[in-house]
1. Only helical DSSP H runs with n ≥ 4 go in: add -39500 (n - 2.57) per run for the chain, normalise by residue count and round the 222 nm mean residue ellipticity to 500 deg cm²/dmol.
2. How high is the FRET efficiency from Glu516 to Ala96, r the C-beta distance, R0 60 Å, rounded to 0.05?
3. Taking R0 as 56 Å, what FRET efficiency do you get between Glu355 and Thr191 from their Cβ-Cβ distance, rounded to the nearest 0.05?
4. Mind scanning Lys322/Lys494; Lys494/Lys525; Lys435/Lys573; Lys74/Lys138; Lys74/Lys189; Lys435/Lys486 and naming the pairs with a C-alpha gap bigger than 19 Å?
5. Zone of Asp662 (label point 7 Å along Cα→Cβ, backbone N under 12 Å): which residues in the range 687-714?
6. Mean Kyte-Doolittle of at least 0.5 plus a Cα span of 24 Å or more along the axis: flag which DSSP H helices in the chain meet both, please.
7. Take every DSSP beta bridge whose two residues both sit in the chain, then give the antiparallel share in percent to the nearest 5.
8. In what sequence do Met690, Met207 fall when counting other Cβ within 10 Å, fewest first?
Amino acid sequence: MPLDHLFYETALILAASAALGGLTLWLRQPLIVAFILVGILVGPSGLNLAGVDERLQLLAEIGITVLLFVVGLKLDLHLIKTLGPVALATGLGQVAFTSLFGFFIGLALGFSIVGALYLAVALTFSSTIIIVKLLSDKREIDALHGRIAVGFLIVQDIAVILAMIGLNALGAEAASGHPLLDGLLVLLKGTGLLIAVGLAMRFILPMLLAHLARSQELLILFALAWAVLLAAVGDFLGFSKEVGAFLAGVSLASTPFREAIAGRLVSLRDFLLLFFFISLGAQLDLATVGAQIVPALIFSVFVLVGNPLIVMVIMGVMGYRKRTGFLAGLTVAQISEFSLILGALGVSLGHIDRETLGLITLIGLITIGLSTYLILYSHQIYNRLSPWLGVFERRHPYREISEKEGKTSEAPDIILFGLGRYGRNIANHLVRRGKKLLAVDFDPQIVAESGHFPFPVLYGDAEDPEQLENLPLRQTRWLVSTLPGKAVNLEIIKALRTQGYAGRIVLTAHSPDEAETFRRAGADKVLWPYVDAAELAVDYLSGTREELDTQSPWELHLEEVKLRPDSAASGRKIGKIALRTRTGASIVAVARAGISYYDPDADFRLFPGDLLVLLGNAEGLEQACRILEERKDTAGADEKRFRMKEVLVPDNSAWMGRSLADLDLRRQHGVSVIGIQRGAERLISPRPDMVVQPGDVLLVIGSPLAIRDFMEHREDDNILPGKPEEEK
């Protein structure tokens with residue numbers, strides 16, 4: 001029997017929620033599942049230890065109010081505008097398909113027209129909270145399929161608000177018996193409410209929020225009060241509390257305080273929603289579950305299979321690849337917390353009974369539980385099903401194919417996968433150092449902007465072996481992936497080995513476990529963005545400049561400049577730069593490889609990567625920084641690079657029987673022998689006393705000018721060219 005004290009019941013509910021929440025976290029399930037199970041466990045159908053009375057129900061209603069308020073607050077119409085047709089077409093197409101077929105399935109299973117309508121609408125919506133959380137954990141929220149999924153989820157959020165308005169209007173009409181008059185009255189009330197909120201947004205809220213923002217606590221209190229107030233107004237006018245709360249959120253969405261408000265309210269929202277989901281579980285009558293299992297399984301299969309299929313069909317028709325459609329489609333393979341809210345609304349309006357609400361709750365448990373694993377293991381599932389998904393892709397998936405594809409004229413030094421913030425910075429630095437770069441990205445928007453990049457960009461899926469076949473892998477020495485995620489990088493290594501790629505592979509890790517896995521899988525180098533950035537931050541906080549600031553009794557004007565490889569000052573002596581003469585600023589310290597050199601003299605030579613600490617006034621420091629950041633004149637840069645050349649020693653060569661020291665090629669021609677191939681054996685860095693033999697192939701290195709001079713005089717010594725030269 002239930003406990004007699006509300007406080008004891010609440011303590012029991014919270015303790016059970018924390019315990020089952022820990023279990024579901026271990027099972028990688030959303031907490032919604034745990035909270036519904038808590039309601040079943042402690043409610044009348046379970047141990048009957050606690051009930052959900054009107055006081056706890058009030059907390060649940062406030063939780064729903066805060067949920068709708070945050071949805072309105074974070075409504076990103078710009079994302080829908082950016083993604084344009086795909087968000088609207090996929091969102092509205094999936095809503096229409098699921099509603100229509102779900103309605104007919106409900107009728108076929110013997111439900112009333114109203115009951116089938118509620119079931120159909122409940123099956124339509126997917127959980128924004130769950131999907132955003134899962135995609136964020138997988139670092140896929142900014143991927144193409146992630147952004148498309150968030151786009152059509154926003155469309156669904158708008159649709160659910162319209163559905164709530166329609167259902168409330170339907171309930172009001174049924175109660176009065178005057179549908180036309182009531183419909184007109186609802187329209188007038190809605191117009192008046194929108195005008196009032198619009199005026200508040202224009203003339204009252206900006207100034208009021210700016211004043212209240214002086215206190216974060218007061219700002220959050222006002223936001224909560226505003227949400228509950230408009231929820232009450234919406235309920236009073238017959239639109240439901242949910243619609244009023246959503247409108248309250250939209251009214252603050254254009255203010256600069258929306259992120260601060262949303263961030264503070266998310267935890268409160270999750271806590272209060274706990275009581276709503278627990279109340280749903282408590283209302284689930286296990287005695288009727290047996291009769292509901294079959295319809296629950298039928299509807300669940302429809303949601304788990306039908307929703308992803310319709311998304312794949314729509315995206316395939318619109319010119320997206322099957323992989324994008326599949327990954328985006330899996331995100332709608334469950335019903336939403338809004339589905340449960342709609343069911344509860346239907347019960348309160350008298351449209352459906354508690355058995356139908358219990359069926360919706362059961363469908364939610366099944367679809368949310370299973371779809372979580374579908375999303376977590378989406379890439380592995382796709383790899384298995386990919387051969388049979390070709391029907392969902394057009395012969396020419398034009399939305400994901402770059403106009404530049406296949407038009408790169410030169411073989412690149414480096415192929416870079418991923419042009420996010422980290423990848424784009426790497427690309428820019430590589431180009432500055434004169435590397436030939438080919439970038440590949442899975443985001444059509446980035447590819448569309450590639451005309452502004454100083455390197456070619458192709459659309460490509462790193463996990464698609466067919467895509468890798470079309471890349472110039474045999475001519476590329478390095479392949480770098482800045483893509484996040486263990487699975488995608490392991491697929492890259494596997495595909496490259498299958499293609500017989502002989503170059504070096506560089507992957508990006510975000511944890512020690514990932515780094516070790518990549519090394520074992522065959523990565524030549526692992527990048528750690530956060531670790532590297534942390535080391536730089538520590539160097540800045542505890543480096544040479546900080547030490548000078550700490551020890552000086554005076555306030556000094558100091559500035560730090562890191563010397564780039566292409567800086568005109570790199571390789572020069574401090575005295576030759578004449579920085580003090582030109583700007584009045586002095587180089588008072590140089591940090592190099594963890595060692596600080598204080599008060600360097602005029603003969604101190606600067607090298608790339610040196611961190612210079614400058615002393616001077618503000619104007620002089622600014623001028624000195626500009627001088628040190630000036631780039632080198634690249635004219636004649638090719639002559640400063642080196643080349644390698646293979647040459648064959650024939651039987652009648654004058655070099656036969658002579659040692660490398662005797663030949664003295666370094667002094668004679670400016671080239672060095674760095675390797676000798678003798679038969680099948682290759683000798684790297686041969687000793688000076690090694691004697692040249694007929695048939696040897698010498699690998700020589702030198703500047704382009706030296707190599708050219710050497711080859712022009714090789715006929716004098718009967719030296720024949722070997723394999724084609726390779727420029728480095």
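1. Values: 33 runs with 417 residues, N = 728.
Value at 222 nm, helices only, nearest 500: -18000 deg cm²/dmol.
2. Numbers: r = 48 Å, r/R0 = 0.81.
Computed FRET efficiency for Glu516 and Ala96: 0.80.
3. Details: r = 38 Å, r/R0 = 0.67.
It comes out at approximately 0.90.
4. Values: Lys322/Lys494 21 Å; Lys494/Lys525 16 Å; Lys435/Lys573 27 Å; Lys74/Lys138 21 Å; Lys74/Lys189 25 Å; Lys435/Lys486 28 Å.
Check vs 19 Å cut-off fails for Lys322/Lys494; Lys435/Lys573; Lys74/Lys138; Lys74/Lys189; Lys435/Lys486.
5. 689-693
6. Working: long enough: 6-26 (30 Å, 1.45); 54-73 (28 Å, 1.62); 85-108 (34 Å, 1.57); 144-176 (49 Å, 1.43); 179-199 (30 Å, 1.79); 216-236 (30 Å, 1.83); 258-283 (36 Å, 1.01); 354-376 (33 Å, 1.52).
Passing helices, by number: 6-26, 54-73, 85-108, 144-176, 179-199, 216-236, 258-283, 354-376.
7. Details: 36 of 53 bridges.
Counting DSSP beta bridges with both partners in the chain, the antiparallel share is about 70 percent.
8. Least to most surrounded, the residues fall as Met207, Met690.
Since every read-out is calculated from the coordinates, none of them should be taken as a lab result. The shown structure was predicted, so the numbers you read here are calculated from the model rather than taken from an experiment. With ideal geometry, Cβ positions are generated from the backbone for all residues, glycine too; neighbour counts draw on all protein chains shown.
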